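The values are calculated or read from the model by the stated rules, or taken from the named source; none is laboratory data. Everything numeric here is computed off the predicted structure, so don't read it as measured data. When we count neighbours, we look across all protein chains shown, and the Cβ atoms used for this are built from the backbone with ideal geometry, even at glycine.
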Amino acid sequence: MAPSHEDAVGPGSVFAGGSRKGPERTPLLGGASLVTSTTPPPVSNYVIQSRKFPDGAGHTIRSSVEAEHGLLDDAEDTHGVDNESCCGVEGTAYAMLARLPGLHTYTTLAFFLYFGHSWMLMQRPDIAVGIIGCFMLYGVVRFWIMWGSAFHGLNLLRKNDSRNPKYWQQQKRPLGSLEFGSIWHAVIVPNYKEPISKLRQTLDTIASQSIAHQIVICMGMESRDPKAHEVALQLQSEYADKVGGFCYTSHTLESGEVAGKSSNENWAARCVKRLMVDKMRINPDHIVLTVCDADSFFHPNHFACLTHSYCADGEDRFHKFYLGVTNFMPNVCHVPAVCSARYTVLSVGRMAELGSPVSSPFPLAIYSLSLRLAQKAQYWDPSVIPEDWHMYFRCIFADQVYNYTVSKVPLQGRFIVHIVGH
């Protein structure tokens with residue numbers, strides 16, 4: 001029988017401003033656990049007086065080794081990382097391969113604009129008509145596949161959207177799977193001069209999760225933002241008692257780094273690893289990293305479904321990206337018509353990609369992966385701006401011994417993510 005809240009934290013516990021002495025269950029490296037009596041600091045970002053955790057194991061480790069004001073300024077050591085290569089790929093070869101997509105695009109345009117117009121239409125119109133017919137046939141087939149997949153995905157989303165909050169916790173998982181309550185979600189929210197009202201909207205959807213007690217929010221702030229600490233402390237005071245943990249980082253742009261989401265997430269992920277694994281001694285195999293934008297809206301069962309999928313995937317969980325359906329439509333009525341049409345098409349297309357049984361979509365803006373996989377890829381590349389596709393290929397290079405897959409969990413009875421249109 002699952003322990004009660006009183007059993008987990010000890011009867012008569014006192015939080016926030018007082019001392020607490022009670023048994024604390026800490027998952028250790030290697031899968032073992034340690035139960036000790038601890039006395040946390042007078043002020044804790046993880047345990048608040050009015051806090052009541054649901055029954056079950058895995059949510060008693062709220063007091064921790066923490067920095068003043070919740071600021072994490074100690075990241076995993078980066079010494080020994082070869083900056084001239086990307087997971088074994090030499091920098092020169094990597095730079096050449098990075099230019100192949102552009103070369104392919106320019107070559108194709110040149111062929112159709114010059115040879116197609118000047119030679120093919122004039123000398124061999126039969127070949128030109130054949131090529132145009134093939135393109136038209138391909139477009140028609142792709143069109144109907146997209147719409148069929150989109151309606152299939154929409155049907156699954158409607159069904160999963162009606163699940164009760166405890167649905168995913170109660171699902172059966174293979175024998176030997178990780179315990180549902182032992183999984184921790186570190187959600188990194190990069191931010192640079194975003195309005196605090198927008199950040200509150202995002203954090204509200206995280207705090208309203210059915211397993212909010214298993215979520216640690218890490219606000220990725222930038223040191224060049226003069227209001228970064230002020231905003232982070234204000235958000236900490238509002239949300240620290242609503243989730244499993246709250247902290248923030250202050251990223252300083254180093255030589256060779258490019259300002260953007262990738263360098264911010266790289267620093268934040270290393271800080272989270274240092275805190276949760278090196279200091280709190282949580283098993284890294286039980287930690288899932290999720291990155292999102294500062295204006296992301298999560299479905300209330302998003303992380304519950306993610307937890308279920310992560311636990312049930314066995315060893316495959318360390319070789320997968322977990323994707324949600326990206327919906328860019330919440331504010332389509334407040335943007336120009338051209339942008340509204342674009343966001344609508346993007347939303348339908350993304351749902352079709354994830355609903356299609358033959359597609360293998362890349363991560364886009366919001367995705368989750370295991371901490372182990374992020375470590376293997378040496379985290380995010382701070383020298384680039386686009387981080388989603390880049391991180392996906394970075395992990396492929398780092399995980400060459402495995403047949404790499406993307407878990408389309410949202411449309412296989414899984415979860416959905418709503419994103420505010422930009």
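Scanning segment 238-286 for residues that are under 21 Å from F393 (Cα atoms) and among the aliphatic types (A, V, I, L, M) gives V258, A259, A268, A269. Within the set K198, K172, the sole residue that is at pLDDT below 90 and assigned by TED's automatic domain parsing to the domain that holds M280 turns out to be K172. Kindly establish whether D316 is modelled with pLDDT of 85 or more and either of a type in the set (D, E) or surrounded by fewer than 16 Cβ atoms within 10 Å (Cβ to Cβ) (or both). Against the criterion (modelled with pLDDT of 85 or more and either of a type in the set (D, E) or surrounded by fewer than 16 Cβ atoms within 10 Å (Cβ to Cβ) (or both)), D316 qualifies. As a summary of the residue check, A365 satisfies the conditions (1) crowded, with 23+ Cβ neighbours inside 10 Å; (2) at positive phi except for the one numbered (1). Just one of the listed residues (L175, L203) is under 22 Å from the mean Cα position of the chain (by Cα) and of a type in the set (A, V, I, L, M), namely L203. Is at least one residue of segment 138-148 under 25 Å from P330 (Cβ atoms) and surrounded by 13 or more Cβ atoms within 10 Å (Cβ to Cβ)? Scanning segment 138-148, I find at least one residue that is under 25 Å from P330 (Cβ atoms) and surrounded by 13 or more Cβ atoms within 10 Å (Cβ to Cβ), so the answer is yes.
No other residue among K166, K172 is farther than 30 Å from M280 by Cβ and assigned to a loop (DSSP other than H, G, I, E, B) apart from K172. Among the residues in segment 215-235, are any touching a Pro at 6+ places or on another chain (Cβ under 7 Å), assigned to a helix (DSSP H, G or I), in the same structural domain as L306 (by TED's automatic domain parsing) and of a type outside the set (D, E)? No, segment 215-235 contains no residue that is touching a Pro at 6+ places or on another chain (Cβ under 7 Å), assigned to a helix (DSSP H, G or I), in the same structural domain as L306 (by TED's automatic domain parsing) and of a type outside the set (D, E).
When you scan segment 251-262, do you find a residue that is within 22 Å of Y322 (Cα to Cα) and of a type outside the set (A, V, I, L, M, F, W, C), even just one? Yes, that holds for at least one residue. Applying the set (1) modelled with pLDDT under 90; (2) among the charged types (D, E, K, R); (3) touching an Asp or Glu at 6+ places or on another chain (Cβ under 9 Å) to K261 leaves exactly one unmet item: (1).
Are there any pairs, at least 6 apart or on different chains, whose C-beta atoms fall under 7 Å, with the first in segment 129-157 and more than 14 Å from P357 (Cα to Cα) and the second outside any helix (DSSP H, G or I) and modelled with pLDDT under 90, and if so, which? What qualifies is L157/V325; L157/I416. Just a yes or no: is a residue in segment 374-387 polar (S, T, N, Q), in contact with a Leu (Cβ under 8 Å, 6 or more places away or on another chain) and assigned by TED's automatic domain parsing to the domain that holds A95? Scanning segment 374-387, I find no residue that is polar (S, T, N, Q), in contact with a Leu (Cβ under 8 Å, 6 or more places away or on another chain) and assigned by TED's automatic domain parsing to the domain that holds A95, so the answer is no. Contact annotation: residue pairs with Cβ atoms under 6 Å, 6 or more positions apart or on different chains, pairing a residue in segment 227-247 that is among the small types (G, A, S) with a partner that is in a helix (DSSP H, G or I), are G244/H213; G244/Q214. Across segment 203-215, a minimum of one residue is classified as charged (D, E, K, R) and modelled with pLDDT of 90 or more.
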